[in-house]
């Protein structure tokens, strides 16, 4: 029986510690990372140099390709949108931008005609889970191998994760294949972030430098679920990332049947949400929507405020201290 250990790597603290734990076990393994197209350069650097620092295997990159889906959407738009009452100018604008860019995150949003959200969080499955499954896991299972997928998940992170088992058989979508798939969570009972970082440091790996700027999330940059303070941090230290999201907002809006799409949900900011609801009430939402009023720049300004987005802080806030983010003083 062939046994294949696959370690998923993202450039974050938990997956890096999982990679180091695999080295400590002394078992041969492959390390795989999914390129979402929405990562900071520091994260690519952290992943690409992991083997040089530890002596472990080089991380293999995979990424999703949505060329087929985008082509299918073009055909649907050409045949159906005007029949469904979509204005001709919106049809023309959508067809003008609906071409694969090679960036998985942007292409996914062009296909969907929207950005992911908390209630429609299709990004993880489409950009991370499926590419690794299609390019690595399923081919191995097709040979009859038993695959052990190492995941950097800790029970301390959430109520849902607290009830996960350390070792779990996965069936379902792989039932048609002769191999067997298991998930192994070696960090599940690791309680503190300090311990996670300590595992990596034993192997000469310092934390992703984004943590040093005070960021809690480094996989996807920024994440659609990033906290208010984190968004302010991104704008403060990495304004080029905000510029990129501004460009993406304009492009994806063109591919949206409604004519607009925002990276962050408007409900994040109670002031913007109230403005939008008022436009909907008077029937002017689509007519008056603009990215200047509801886009990423306005959301960044909200991220700098206190009191429900209505007042700027009287004190200059420095979000970059690591102790605030990681409890280093506790």
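When 147, 136, 62, 86 are checked against the criterion of being out of contact with any helix residue (DSSP H, G or I) (no Cβ under 9 Å at 6 or more places or on another chain) and crowded, with 16+ Cβ neighbours inside 10 Å, 136 stands alone in meeting it.
Let's see how each residue does on (1) touching a residue at least 40 places away in the same chain (Cβ under 8 Å); (2) touching a strand residue (DSSP E or B) at 6+ places or on another chain (Cβ under 6 Å); (3) buried (at least 18 other Cβ atoms within 10 Å of the Cβ):
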{"position": "182", "(1), (2), (3)": "no, yes, no"}
{"position": "188", "(1), (2), (3)": "no, no, yes"}
{"position": "192", "(1), (2), (3)": "no, no, no"}
{"position": "202", "(1), (2), (3)": "yes, no, no"}
{"position": "205", "(1), (2), (3)": "yes, no, yes"}
{"position": "208", "(1), (2), (3)": "yes, no, yes"}
{"position": "215", "(1), (2), (3)": "yes, no, yes"}
{"position": "233", "(1), (2), (3)": "yes, no, yes"}
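Each row is one residue, and each column tells you yes or no for (1) part of a strand (DSSP E or B); (2) at pLDDT 95 or above; (3) within 14 Å of residue 103 (Cα to Cα).
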site	(1), (2), (3)
33	yes, yes, no
42	no, yes, no
46	no, yes, no
53	no, yes, no
65	no, yes, yes
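Filtering region 33-58 to residues that are surrounded by fewer than 21 Cβ atoms within 10 Å (Cβ to Cβ), under 16 Å from residue 128 (Cβ atoms) and in contact with a strand residue (DSSP E or B) (Cβ under 8 Å, 6 or more places away or on another chain) leaves only 35.
Quick grid of which residues meet (1) in the same structural domain as residue 303 (by TED's automatic domain parsing); (2) under 30 Å from residue 77 (Cα atoms):
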| residue | (1), (2) |
| --- | --- |
| 218 | no, no |
| 222 | no, no |
| 232 | yes, no |
| 237 | yes, no |
| 244 | yes, yes |
| 248 | yes, yes |
| 254 | yes, yes |
| 266 | yes, yes |
| 282 | yes, yes |
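Of everything in region 277-330 that is in contact with a strand residue (DSSP E or B) (Cβ under 7 Å, 6 or more places away or on another chain) and surrounded by 14 or more Cβ atoms within 10 Å (Cβ to Cβ), the residue that is modelled with the lowest pLDDT is 305.
Exactly one residue out of 52, 108, 95, 27 is touching a helix residue (DSSP H, G or I) at 6+ places or on another chain (Cβ under 7 Å) and either within 21 Å of residue 220 (Cα to Cα) or in the same structural domain as residue 186 (by TED's automatic domain parsing) (or both), and it is 108.
The values are calculated or read from the model by the stated rules, or taken from the named source; none is laboratory data. Bear in mind the structure is a predicted one, so any value in this text is a computation, not a measurement. Methodologically, a virtual Cβ is constructed for each residue, glycine included, from the backbone with ideal geometry; neighbour enumeration extends over all protein chains shown.
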